[in-house]
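Undergrad: Here it is, the structure in full.
The values are calculated or read from the model by the stated rules, or taken from the named source; none is laboratory data. Note that the structure is predicted; figures quoted are calculated from it, not measured. Backbone-built Cβ (ideal geometry, glycine too); neighbour counts: all protein chains shown.
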Amino acid sequence: MTIYDGQFQIQSAGYEAGRHAYSAETIGCVSGYLPSEGDLLDVGCGTGLGTRQLAILRPKSQVIGVDADLDMLSRALAHRSPASYVLSDVSRLAWPTGRFAAATAFGAAHWFSNYAYLELSRVLARDGVFVAVTRSGTDPVKTAVLRALSVHASTKFGTRTASWISNASPANFSRLAEIELTEVLSYTPESFASWVTSLAAWSEVPPNHRSTALQAASACYRADRVISVHIAVFRNSRASALDI
């Protein structure tokens with residue numbers, strides 16, 4: 001099992017200050033596809049943003065967030081919430097077969113290997129639902145920020161599109177639905193700077209260039225970002241042999 005001791009520490013503080021809660025429409029849409037009863041696993045939960053929101057809506061269910069990064073989970077645990085958290089690699093989950101009625105992934109589905117999806121399928125009930133939520137990274141503000149950061153790093157960053165949602169066929173899952181919503185994210189200059197430091201691209205900027213890079217990226221500041229939110233709904237379709 002791979003556990004990351006603060007691999008995302010550079011970004012996790014930015015997550016806390018710069019990442020927005022999901023809109024009521026987004027959370028409501030996700031919740032609408034989940035079974036009314038049974039426990040929920042939120043994989044790649046990070047600082048627990050989506051986990052906390054779902055736990056509030058499901059007071060009769062146990063909602064568990066799982067992540068392989070210690071620093072992210074320590075920040076999740078700092079929030080008062082009915083959710084609980086477990087440190088684990090998604091590809092090596094400790095629960096028995098069929099333990100959860102449903103699973104979610106907020107901004108994390110593109111990180112998982114095919115083996116991780118096989119493991120997720122195992123711990124889900126047969127015909128259990130998996131909902132993946134991705135905020136698109138193709139809006140003009142994020143494109144400009146990534147361009148500004150790339151000047152100060154060896155990597156030239158692209159933007160994450162909805163390609164995972166549109167094209168993915170995770171192992172043992174069949175697609176049920178695909179939904180696209182819109183969210184408006186509002187920032188102060190300070191929270192915008194925090195959001196910049198939460199991006200994966202930020203970790204590729206050398207420490208001695210970060211002050212200049214942040215200044216350049218902050219010049220792209222806008223009070224509002226209009227983004228697309230892509231929701232993909234899958235049903236667990238693993239073979240019955242795995243139930244043994």
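Undergrad: Among the residues of region 103-158, what is the count of those that are in a loop (DSSP other than H, G, I, E, B) and of a type in the set (S, T, N, Q)?
TA: Number of matching residues: 5.
Undergrad: Condition first: farther than 23 Å from residue 230 by Cβ, touching a helix residue (DSSP H, G or I) at 6+ places or on another chain (Cβ under 9 Å) and touching a residue at least 40 places away in the same chain (Cβ under 8 Å). Can you find one or more residues in region 71-82 that meet it?
TA: Within region 71-82 (the criterion being farther than 23 Å from residue 230 by Cβ, touching a helix residue (DSSP H, G or I) at 6+ places or on another chain (Cβ under 9 Å) and touching a residue at least 40 places away in the same chain (Cβ under 8 Å)), the answer is yes, since at least one residue qualifies.
Undergrad: Under 6 Å by Cβ, and 6 or more places apart or on different chains, what pairs join a residue from region 45-56 that is closer than 12 Å to residue 77 by Cβ with one that is small (Gly, Ala, Ser) and not in a helix (DSSP H, G or I)?
TA: 45/65; 48/65; 51/65; 51/83; 52/81; 52/83
Undergrad: Check region 95-102 and report whether any residue there is over 21 Å from residue 230 (Cα atoms), in a strand (DSSP E or B), touching a helix residue (DSSP H, G or I) at 6+ places or on another chain (Cβ under 7 Å) and in contact (Cβ under 8 Å) with a residue 40 or more places away in the chain.
TA: Yes: region 95-102 contains one or more residues that are over 21 Å from residue 230 (Cα atoms), in a strand (DSSP E or B), touching a helix residue (DSSP H, G or I) at 6+ places or on another chain (Cβ under 7 Å) and in contact (Cβ under 8 Å) with a residue 40 or more places away in the chain.
Yes or no, residue by residue, for (1) surrounded by 16 or more Cβ atoms within 10 Å (Cβ to Cβ); (2) at pLDDT 90 or above; (3) out of contact with any Phe, Trp or Tyr (no Cβ under 9 Å at 6 or more places or on another chain):
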residue	(1), (2), (3)
150	yes, yes, no
167	no, no, yes
176	no, yes, no
196	yes, yes, no
230	yes, yes, no
239	no, no, yes
